[in-house]
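Below is one structure; the comments refer to it alone.
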């Protein structure tokens, strides 16, 4: 048994290395955001700056419409989340509850959109948004992101796990399809539903590429886009300020993840199992 | 109209696989009909067709005189107890029981009256605020019954409702079920693979196999006069002995032992040269020196109240005999005697019961 | 269940419409655009047939892009396919304690924005004052200019994307690892099988379907994720040294305003993806063990 514990220690060693590489950049980002300019360059590696300074944050708040960025990001993420959740739940319900010709093909058609390379879609979608006059508006960002093929897939997987007998019991009691969905299925899949919505929200909050194309006007920026203003590729950047914005951008996902970590991990664990 | 549910030439197929072929079944109003059969025999499919969960591929299904082939389940006015109970885990006992009544928008007083009555009948008073996962298996089963009861439907379906209970609870639940049925007398259709349940609960049993009803009759008739070899060997434990026997003149040869056939049986046998001889183990009386049919003992089993011996007849066929007399030692048995009143004869080709002499 | 198609459609119509308008229509539109020469703003489009494709296929640029793409995919596979696979085995079967803590912590970067990760690593890799430079100089090594050297830039960018997605793939793989019945492994241990033999004979075949899934999403999505750091940090440079099959579409469309060529590149990308998925289905799936 003794060699077994020694072996286990080696494995823990591997994991500690991975944990360090994973977490250190985050710690580094947060600590840098509390350093003044001299600390940034003189005690770069020190994870616990002293004295800590809030100058970076006050500078950002004073010179940039940060709250506008936060609101823009939130608005887009909120609409996307609600819509993706709704469309996923409704179509997944149809796939689970009803039986019709070409059901599998329709489902595959939805799932397949997940694999269409984004570059194939961006240009035509950009042209469409431009034609509709939606450039520089949240709607331009939101419209092509109202459905999610993976979301439909995950919701269907989850709903399939509700025992059929429960649905039948409700049907026998005279429940209409709508009531089967709202009174039986939805309450039973609440944790997975919540986890999915949180992931939709986090992903939309973090999205950089598509908003970059649509939002060119600085006032319409989201947080990830605003980040770009604080760096220059040549290196002469205000690192403290950049890290402060990075930290602020990361805060909502980190908080959401902190609270719902168990839900999220479980949903992810189940998404890998193909059905 | 005397029949409450009628199957008329009903077929059920999934794609090209035919599960049920030309099913004809008439279920009487208020009776307890048990659908009994091995797994895969089509009994659950039959029940689910009545509930409306399975389409009917061909033929008509009548309920209360009307064709219901295309009536959705929710409009058939059925109360059902599922094998898994199908209790809603997110609802309390009370909300589970009243689920359908609330959907029907019944007045509050009526809902409460019915629910309290049902809770009382099933001794669940005081449990109504619990969540279903706090209940024991037996309580869950009773909540499921309660939910069916409050609907006061003319049709009461049960799909293996006791199979998740342990043996002792099962017996209690069985009696409870019959008692409740006697109170309200809905048409009760009960699917099971457990023959003891079938024998004790049923007014009539429909024994099914391979998508066909093999026999539909009272438990007594089914036990003593099975319609065919399948029913004979499906009911009873150990099942009815069925052995091939030759007819030689006025004698039947069972395991090389010739036995005189009584006159009334000769008429039934007719010109057959061979028959299948059926006899329940408990109808085979052990004989220790000069048995009608001789055999040697393979092994013995004692279940306390019964002693069972497996005999090998002289032609190699097996035969079980059973006796409740604890003072005899079956080890030395030489064979068995039988009374023609207990005999069933089956045709070799069709395996159908060729008739019996009424006592 | 219910066969009422009309009712089912009520639930499906919003999704169907959105998928058609924002996924399938652009797909067709994109193919259409690839036959034209256009600058996105001019009112007239000129039909050029297969000229865009011909130009691309005969340009040395394509070769460079393809080589870069292969490097990207290679690095990404090591970082977020092979490594997470190995780590998920450790987490699922080789350690007894703290595995919940490890998996929660390792997943953390997956919740952050790639934009955040990019800017963060730009600072970490900064060749003058960044922390890696400081650590390297402790060993008297001069830090290379991570984002300015050919191939090194690809590695640097992959490390950013890898940092973010390592935990994500780890969790998906871990799900498959823990689904391998413990009894099976215990039975093997009774036969004195080593961890390596257990991995090869039990874990590998039992987790292969999920592994293929992760392999697929790694190949398909890595290139798309790479768009973010490339666009924020290098703009495809140095001298197209960090561009790839996906980024080049963006460059042609939104930097050079050559819509037709961008669309043609997108069509080529799609064919490459389709070829990949086809090969995957044909050769990999056959060797996979599926539970049902």
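The values are calculated or read from the model by the stated rules, or taken from the named source; none is laboratory data. Computed from a predicted structure; not experimentally measured. Counting neighbours? That spans all protein chains shown, and the Cβs are built from the backbone with ideal geometry, glycine included.
Going by the conditions given, is residue C:97 within 27 Å of the chain's Cα centre (by Cα) and more than 7 Å from chain A (Cβ to nearest Cβ)? Spelling it out, it is not the case that residue C:97 is within 27 Å of the chain's Cα centre (by Cα) and more than 7 Å from chain A (Cβ to nearest Cβ).
Of all residues in segment C:44-87, those being part of a helix (DSSP H, G or I) and touching a strand residue (DSSP E or B) at 6+ places or on another chain (Cβ under 6 Å) number 0.
Of the residues making up segment A:159-182, those that are more than 8 Å from chain B (Cβ to nearest Cβ), modelled with pLDDT of 90 or more, within 27 Å of residue A:268 (Cα to Cα) and in contact with a helix residue (DSSP H, G or I) (Cβ under 9 Å, 6 or more places away or on another chain) are A:159, A:160, A:162, A:167, A:180, A:181.
For (1) at pLDDT 90 or above; (2) touching a helix residue (DSSP H, G or I) at 6+ places or on another chain (Cβ under 9 Å), each residue gets a yes or a no:
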position	(1), (2)
C:127	no, yes
C:138	no, no
C:155	yes, yes
C:180	no, yes
C:196	no, no
C:201	no, yes
C:211	yes, yes
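Residue by residue, here is whether (1) touching a helix residue (DSSP H, G or I) at 6+ places or on another chain (Cβ under 6 Å); (2) assigned to a loop (DSSP other than H, G, I, E, B) holds:
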| site | (1), (2) |
| --- | --- |
| A:28 | no, no |
| A:40 | yes, no |
| A:48 | no, yes |
| A:52 | no, yes |
| A:56 | yes, no |
| A:71 | no, no |
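Segment B:222-316 holds strands (runs of 3 or more DSSP E) entirely within its bounds, and those carrying 3 or more residues that are within 19 Å of residue B:345 (Cα to Cα) map to B:241-248, B:251-254, B:257-260, B:274-279. So, residue A:26, is that one more than 9 Å from chain C (Cβ to nearest Cβ), touching a residue at least 24 places away in the same chain (Cβ under 8 Å) and under 25 Å from the mean Cα position of the chain (by Cα) or not? Here the answer is no, as residue A:26 does not meet what is asked.
Going through segment C:26-42 one residue at a time, which ones are part of a helix (DSSP H, G or I) and in contact with a helix residue (DSSP H, G or I) (Cβ under 7 Å, 6 or more places away or on another chain)? Across segment C:26-42, the qualifying residues are C:26, C:27, C:29, C:30, C:31, C:33.
Of the residues that sit in segment C:1-43 and are touching a residue at least 60 places away in the same chain (Cβ under 8 Å) and touching a strand residue (DSSP E or B) at 6+ places or on another chain (Cβ under 9 Å), which one is nearest to the other protein chains (Cβ to nearest Cβ)? For segment C:1-43, the residue satisfying everything is C:38. A single entry from A:128, A:110 fulfils the requirement of being more than 7 Å from every other protein chain (Cβ to nearest Cβ), part of a helix (DSSP H, G or I) and surrounded by 16 or more Cβ atoms within 10 Å (Cβ to Cβ): A:128. One residue stands out among those in segment A:220-235 that are modelled with pLDDT of 90 or more and more than 7 Å from every other protein chain (Cβ to nearest Cβ): the one that is surrounded by the most Cβ atoms within 10 Å (Cβ to Cβ), which is A:222. Every condition in (1) more than 14 Å from the chain's Cα centre (by Cα); (2) surrounded by fewer than 17 Cβ atoms within 10 Å (Cβ to Cβ) holds for residue C:74 except the one numbered (1). Does segment A:113-123 contain any residue that is in contact with a helix residue (DSSP H, G or I) (Cβ under 9 Å, 6 or more places away or on another chain), more than 7 Å from every other protein chain (Cβ to nearest Cβ), surrounded by fewer than 19 Cβ atoms within 10 Å (Cβ to Cβ) and free of Cβ contacts under 8 Å to residues at least 24 places away in the same chain? Scanning segment A:113-123 turns up no residue that is in contact with a helix residue (DSSP H, G or I) (Cβ under 9 Å, 6 or more places away or on another chain), more than 7 Å from every other protein chain (Cβ to nearest Cβ), surrounded by fewer than 19 Cβ atoms within 10 Å (Cβ to Cβ) and free of Cβ contacts under 8 Å to residues at least 24 places away in the same chain.
Can you tell me which residue among B:140, B:108, B:131, B:210 is within 29 Å of residue B:45 (Cβ to Cβ) and surrounded by fewer than 19 Cβ atoms within 10 Å (Cβ to Cβ)?
Result of the check over B:140, B:108, B:131, B:210: B:210.
The one condition from (1) more than 9 Å from chain C (Cβ to nearest Cβ); (2) surrounded by fewer than 17 Cβ atoms within 10 Å (Cβ to Cβ) that residue A:14 does not meet is (1).
Set side by side, the residues C:186, C:149 differ, and just one is in a helix (DSSP H, G or I), out of contact with any helix residue (DSSP H, G or I) (no Cβ under 8 Å at 6 or more places or on another chain) and more than 9 Å from chain A (Cβ to nearest Cβ), which is C:186. When segment C:1-36 is filtered for residues that are over 27 Å from residue A:90 (Cβ atoms) and crowded, with 17+ Cβ neighbours inside 10 Å, the ones remaining, listed by number, are C:30, C:33, C:34, C:35, C:36. In summary, residue C:237 fulfils each of the numbered conditions (1) part of a helix (DSSP H, G or I); (2) facing chain A (nearest Cβ under 10 Å); (3) more than 21 Å from residue A:211 (Cβ to Cβ) with the single exception of condition (1). For segment C:240-261, name all the residues that are touching a residue at least 24 places away in the same chain (Cβ under 8 Å) and either surrounded by fewer than 19 Cβ atoms within 10 Å (Cβ to Cβ) or more than 14 Å from the chain's Cα centre (by Cα) (or both). C:240, C:241, C:242, C:243, C:248, C:253, C:257, C:258, C:259, C:260, C:261, listed by residue number.
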